[in-house]
1. Sort A:314, A:479, A:535 so that the residue with the fewest other Cβ atoms within 10 Å of its own Cβ comes first and the one with the most comes last.
2. Kindly provide the helix-only [θ] at 222 nm of chain A, computed as the sum of -39,500 (n - 2.57) over DSSP H runs of four or more divided by all residues, to the nearest 500 deg cm²/dmol?
3. Once the Cβ-Cβ distance between residue A:548 and residue A:307 is put in as r, and R0 is 45 Å, what FRET efficiency do you end up with, to the nearest 0.05?
4. I want to check the label-to-label distance for residue A:428 and residue A:555. Put each point 7 Å from Cα in the C-beta direction and report it in nm to one decimal.
5. Can you give me the distance in nm between label points at residue A:160 and residue A:598, each placed 7 Å from the Cα along the Cα-to-Cβ direction?
6. What does the convex hull of the Cα atoms of the range A:495-549 come to per residue, in Å³, rounded to a whole number?
7. Return the percentage of antiparallel bridges among DSSP beta bridges fully within chain A, rounded to the nearest 5 %.
8. Assign unit charges at the C-beta atoms only (+1 for Lys and Arg, -1 for Asp and Glu), then state the dipole size of chain A relative to its Cα centre in Debye, rounded to the nearest 20.
Amino acid sequence: MELEGQYDAKKIEDKIYKLWEDSGFFNPDKLPITYNLKPKTFTILMPPANANGNLHAGHALVITIEDIMTRYKRMQGFKTLWLPGLDHAGFETQVVYEKKLEKEGKSRFKMAPEELYKEILQFTLENKKNIEGQIKKLGASCDWSREKFTLDEDIVKTVYETFEKLKKDDLVYRGRKIINWCVKHQTSLSDLETLDVEQTDKLYYLKYGPFVITTARPETKFGDKYVVMHPKDKRYAKYQDGQKISLEWINGPIEATVIKNEAIDMEFGTGVMTITPWHDAVDFGIAEKHKLDKEQVIDFYGKLLPIAGEFAGMKIAEARAKIIERLQSKGLVEKVEENYKHVVKTCYKCNSLIEPQIKEQWFLKMKPLAVPAIKAIESGKIKFIPAHYKKIILHWLKNILDWPLSRQIVWGIPIPASAEATAGKPGEIETFDTWFSSGQWPFATLRTTGKDDFKTFYPTDVMETAGEIIFFWVARMIMLGIYATGKIPFKTVYLHGLVLDAKGQKMSKSKGNVINPLEITDKYGTDALRMGLIMGNTPGQSLALDENKIKGYRNFANKMWNASKFVLMNTTDYKPAKTVKLSATQKKYIKELTALKKEITKLMDEFKFYYAAEKIYHYFWHTFCDKIIEEAKPALAQGSGESRQATQYMLLEILTESLKILHPFMPFITEEIWHHFDSQRSLGAGKKSLLMVELWNTIA
RNA sequence: GGACGCUUAGCUCAGUGGUAGAGCAGGAUGUUUACACCAUCAAGGUCGGGGGUUCGAAUCCCUCAGCGUCCACCA
């Protein structure tokens, strides 16, 4: 087939992907023999995408960056493994599915757990298949024979083994502590799964016996029977710790106890507060320290319990005003501050207010796990790109709190039932936080893909993922990886930023500015999308994705197509000669390209793909096409046999090298063009081969 | 309340001690062995403000301002 017309990505992409896949070279064990010259490995694990929808622009970026790394290293002769995977994504997927149910007028709370699980499983498996196809569309040269899913039997087994080991080492415990409770989703959430939202409320100053206390949440105050002040607060020196005081409260007379505690801020309000240990983390801490009673006031559905007397059964929002009315009628309201700004926690998925609740759950002790992780990072054994993430992750690790592992949802890996966990609570569902399984991804995958994979590929080389999930995922992989294997899970962490719309706005369905990468691919070709995603994209920085920009790279692809067409047209009669008489200028051009390649190689090794891409783009268009090809035209037209041949040699040499350098970035078009030069390619192996496994540096 | 990042051409961003760079957009002209998804040419910035170090700073230090992000148990 001839190179003709304009470049049409649609005509070739699927065909080329199939060619790669059929070659078997995605699998490091099946790489051509030349690769044995360098048995060094290079390993990346694909961050398992959530199997609950379509790939978005962020995924496309992941695939692009990782495929660039993978193809580059593979071409350098490394035994390269890029291991693909998908995540069942526990809570995330359950939320997506619940929304779907809602639209259909159904509710998960009316479904039997087994039935719900079965439905979500089917939904997830469908999405999984769909996403796999989309990953292929983006050109990912990953080893599908090693693909893993977080619900694979052997992965689950590994997760259980880790859990048992943690239990044995006394790092996992069952605790009754304050957790973040999402009333809508009926599950607990980790701190990372909540958002801090500033809100303006009323701040009430209430008379509490001889004191005035402040609260923004009067509805929680029914059971408050401890009044707390700072031990050094002179205003309250006359009150003794443990002193009983009788006073009139919302529903009648009570006896309160004075508690002295340093956690109190003397500057805030009156310097006195009452505590609600069941529904506030600070209060819980004070109650634990002084061994005080804790009483539940609000149930798990956000309704007041019988302790609220006649208010029992009311929802919080409804009850608040009525309670204030009652307090006012009793003369217990001193004053009301109208515009009180404070921060409340919300569920990161549904934005509803988090109700802190005491709930018995599994917790993981993090401090002992964090210590070796901190050491590994501080010593430089794990490097971060960009470097400032080192500070960010260290700060988090050094202040880490225990991790609540249980979720009260069906969709996930069930926590193995044990007598202590299920005592008195038959049928309560408990599954792992999805990050507990993905946190074990590096060793869970490589230990179960057979052969000597763990030995060969662990620790992996690069963990490339979104900066957003550094705590959720990266930190946990480091901790759990070191814990379970004694070795760090990866040497370099490359963190990319968000993909934003053309105006630099965060993409969201409600704003209607979501760019679907598959549509872009359809319109401009995958290579153009990939260039659009990598050019100007520095690690950690967010990227504005402009369709115009992608169009520009589609044009570039066409430029490559046409330049190649030109070279092909003019070299069909090329006969490789033993010696070629290059002119001084031609020698200079080849030298320049060699120098450029060296420069680009260095940039690639430094993970500066944005820069490497720009260099080769600029070179190809403005040096090769605009200068070298233009200047070559006369020699091709009227040059003697010798000068024509030298020119042909030079053009082929430069085109071949350029295609190689461009391949990691634009794999489809480069591979396609490569095959049109089979007969001319005396420079290569002289037989039909894939550009994908051409060596970056030709072996001398 | 802490921490981190950003501020360079109209837009998106590189450059991190030695005479300001790219892509996109915009302007003029043009068609010659590929390409109008093209070529040629021109235009465009006192590198957020101020101060300091240096022979020399966009680049290092201090300070101010604006924007953004993350972390944090102020009732």
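What follows draws every value from the coordinates through simple rules; no lab data is involved. Because the structure is predicted, anything quoted here is derived from the model rather than measured. Ideal geometry is used to build each Cβ from the backbone, glycine not excepted, and the neighbour counts take in all protein chains shown.
1. Working: A:314 17, A:479 25, A:535 20.
So the residues, fewest neighbours to most, are A:314, A:535, A:479.
2. Here the helix-only value at 222 nm equals -12500 deg cm²/dmol.
3. Calculated transfer efficiency: 0.15.
4. Simple spin-label model gives 6.4 nm for this pair.
5. Using points 7 Å along Cα→Cβ, the separation is 5.8 nm.
6. Looking at the range A:495-549, the number lands at 81 Å³ per residue.
7. Roughly 65 percent of the DSSP beta bridges within chain A come out antiparallel.
8. Dipole size: approximately 1420 debye.
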